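The values are calculated or read from the model by the stated rules, or taken from the named source; none is laboratory data. These figures come from a predicted structure and were not determined experimentally. Note that each Cβ is placed from the backbone with ideal geometry, even for glycine, and that neighbours are counted across all protein chains shown. The protein model used for the area step is the full one, side chains on, heavy atoms only, and it has no ligands, DNA or RNA in it. Shrake-Rupley method; radii C 1.70, N 1.55, O 1.52, S 1.80 Å.
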Amino acid sequence: MNTITRRGLLIGGLGTAGAAGFGAYAATQGSGASAPKGTFGAPTPVSPDPGQTVVTKTLTAKPITLDLAGRTVSTWGYGDAVPGPLLRATAGDFLRVTLDNRLPDETTIHWHGLRLRNPADGVPGMTQDPVKPETSYVYEFTAPDPGTYFFHPHVGVQLDRGLYAPLIIDDPNEPGDYDTEWVLVLDDWIDGTGTTPDEVLEKLLANDSGSGGMGGMDHGEMDGMNQGAMDEAAPWGDAGDVTYPYFLINGRPPADPETLTAKPGQKVRLRIINAASDTIFTVALGGHRMTITHSDGFPVEPTETDAFYIGMGERYDAIVTLEDGVFPLVAKPVGKTSGGQAMALVRTGSGAAPAADANPRELTREVLVGSDLRPVQAAKLPSRRPDATARLTLTGSMQPYAWGMNGAPFGKNEPLTVRAGQRLRINATNMTMMTHPLHVHGHTFALPSGLRKDTVLMAPMQSFAIDLDADNEGDWLIHCHNIYHGEAGMMIALEYTA
Ligand code: C2O
Ligand code: CU
């Protein structure tokens, strides 16, 4: 079958690009790219402004176990649970978060989606030294924009363990026209089920060795590799490299779902975060329509739908008025045929719980593509001609094979550059046959509609002109939020020049 063949070819050859992942940033910079950044040392302490509220927290990254409906797996997490503890502040607050690294590996924390000061961005070799085992590191930054965010490491494929947690920045000026709020973190899970994300990556990278770069055709039989089914209903082409045994909402599989309770008629705000490494989901609440209100933290024109897609790294907020009964809230993996789905239960009345494979019809009715949302006026970038343009192609070639940007893996591609104060237009094109969630650090960009995003799904051969204001100096990453693609080289730097 065509799909399998193409997938095989796509996977084959990853090994040639493997060394260029972000763990190797400092080591690989230099060939026409920027100079090695060297070491950073301890973070320079910064002080809150007078009157700024300080939110202080310590996060301990450590080996833990997770109970998957009776099966105990070993993993790494923040604190004792997956997801880690919710971190919450108000827009304008000063966050001072200590990362206490009790892992047997180096780590960092990246505050995904926040326009924060560059030294707190958590990219080893680019904004800080990696945090060594048994040491700690203090992140200090102001959270400027309200919204739904999350945080995770920026080292290797650690995100595909249990190292993630929601971050909510409240809006002091928002009326909050709802009765209750539920935070739902979606994930694809393989860690501790007989393999680890590092081993999955190793297999992906090794899959072409000894076969001339074309030997990936049997990868579907390999442990942890996706069989590569096309999802005919989805516009996303082929989506995902890894076969996961579980999909989770708030750390729980559908056989032991979280139950969210409220009263019929209540309005609930859902904050949905896709923390998966390799899975796009379709999200629906059985028996309900949802009104999407925010995308990647920013308000949109309220838009009603039965379901919506959410890519890795994206966040959507929705308002739902609850019916009476018990309903499945389902996140169905796009393009994946094994591992079931992710599910939580919404209970407002009596009734039997839906089965773990509940298939609400909303999933296949009207499914919203996030980039079609319209921004509210206040969330638009002020209209302005771009001062500079840059080209950004998402690339994958077979011989030699690499996930890359602008034709080369990270470290071998030229950084994009911008001067402070410029409006930069990035003409982004996905030249591959897979969908990639394109993520920009330190800035939120605008799609041509004005929609503000920090992560946008790009379907095969799709283009977007994205505009950003260069108002946050430093060296930043732009990358695919499929963590395996990113680690294989699908990243590029965005640098401010004088
Ligand atoms: Cu969640 Cu570099 O990203
Ligand atoms: Cu990708």
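One table, with the values for the structure above:
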quantity	calculated
Relative contact order (%) - the chain, alpha-carbon pairs under 8 angstrom, separation at least six	17
Karplus (6.51, -1.76, 1.60) ³J(HN,Hα), θ = phi - 60°, over region 341-358, in Hz, Gly and Pro reported as x	8, 9, 8, 10, 10, 10, 10, 10, x, 8, x, 6, 5, x, 5, 4, 9, 3
Built amide H within the under 5 Å cut-off of Glu258, gap 5+	Leu345
Long-range amide H partners of Leu59 with built H, under 5 Å	Thr98, Leu99, Asp100
Of Ala420, Leu201, Phe40, farthest towards positive along the dipole that unit charges on Lys, Arg, Asp, Glu beta carbons give the chain	Ala420
At most 16 other Cβ within 10 Å, DSSP loop - GluC sites (Glu not before Pro), region 454-498	Glu473
Protein accessible area in the chain, 1.4 Å probe - carbon and sulfur %	50
Hz values of 3J(HN,Hα) by residue in region 330-338 - Karplus curve (6.51, -1.76, 1.60), Gly and Pro given as x	10, 10, 9, x, 7, x, 10, 9, 10
Shape call, region 264-351: gyration tensor on alpha carbons, a/c limit 1.5	oblate
Estimated inter-spin distance, Asp67 and Glu199, nm [label 7 Å along Cα→Cβ]	2.5
Amide proton proximity set for Gly474, modelled H, under 5 Å, gap of 5+	Tyr496
Positive dipole terminus of the chain, leading residue within Ala262, Gly251, Ala465 (C-beta point charges)	Ala465
Net charge of Cβ neighbours under 13 Å - reference Gln377; Lys, Arg +1; Asp, Glu -1	+2
Kirkwood-based Rg to Rh ratio, the chain, C-alpha trace	0.94
Percent antiparallel among DSSP beta bridges (both partners in the chain, rounded to 5)	70
Mean shadow area of region 322-407 over all directions, Cα convex hull, nm²	10.9
Overall form of region 356-467 per C-alpha gyration tensor (a/c, 1.5; a/b vs b/c)	oblate
Cross-link partners of Lys62 among aspartates and glutamates (Cα-Cα below 18 Å; sequence separation of 8 or more within a chain)	Asp80, Asp100, Asp105, Glu106, Glu134, Asp160, Asp191, Asp198
Along each principal axis, Cα extent of region 54-174, largest first, Å	44, 34, 21
Positive-end extreme of charge dipole, the chain - chosen from Ile169, Thr393, Ala356 (charges on Cβ)	Thr393
Ordering of 304-317, 87-100, 380-393 by packing [mean C-beta count within 10 Å, highest first]	304-317, 87-100, 380-393
Extension gain from Ala81 to Ala206, taking 0.36 nm per residue of separation minus the Cα-Cα distance	41.8 nm
Residue-normalised accessible area of the chain, expressed per residue, 1.4 Å probe, Å²	35
Contour minus Cα-Cα distance for Asp387 and Ala255 (0.36 nm per residue)	42.2 nm
Förster-model FRET efficiency, 25 Å R0, Ser74 and Ala42, C-beta, rounded to 0.05	0.20
Per-peptide average of other Cβ atoms within 10 Å, ordering 430-436, 41-47, 292-298, 61-67 highest first	292-298, 430-436, 61-67, 41-47
Formal net charge of residues neighbouring Arg252 (Cβ-Cβ distance under 11 Å; K, R +1; D, E -1)	-4
Burial order of peptide ranges 115-125, 338-348 (average beta-carbon count within 10 Å, highest first)	115-125, 338-348
HN-Hα J in Hz across region 123-140 - Karplus 6.51, -1.76, 1.60, θ = phi - 60°, x for Gly and Pro	9, x, x, 10, 10, 6, 7, x, 8, 6, x, 6, 10, 10, 8, 10, 9, 10
Dipole moment magnitude, nearest 20 debye, the chain about Cα centre, only Lys, Arg, Asp, Glu C-beta charged	660
Net lengthening on full extension, Glu473/Asn406 (0.36 nm per residue, minus Cα-Cα)	21.8 nm
Region 54-174, relative contact order in percent, only Cα pairs under 8 angstrom and at least six apart counted	31
Assigned charges on the beta-carbon of Lys, Arg, Asp, Glu; region 54-174 dipole about Cα centre (debye)	200
Net +/- balance of residues flanking Arg102 in space, Cβ distance below 10 Å, scoring K and R +1, D and E -1	-1
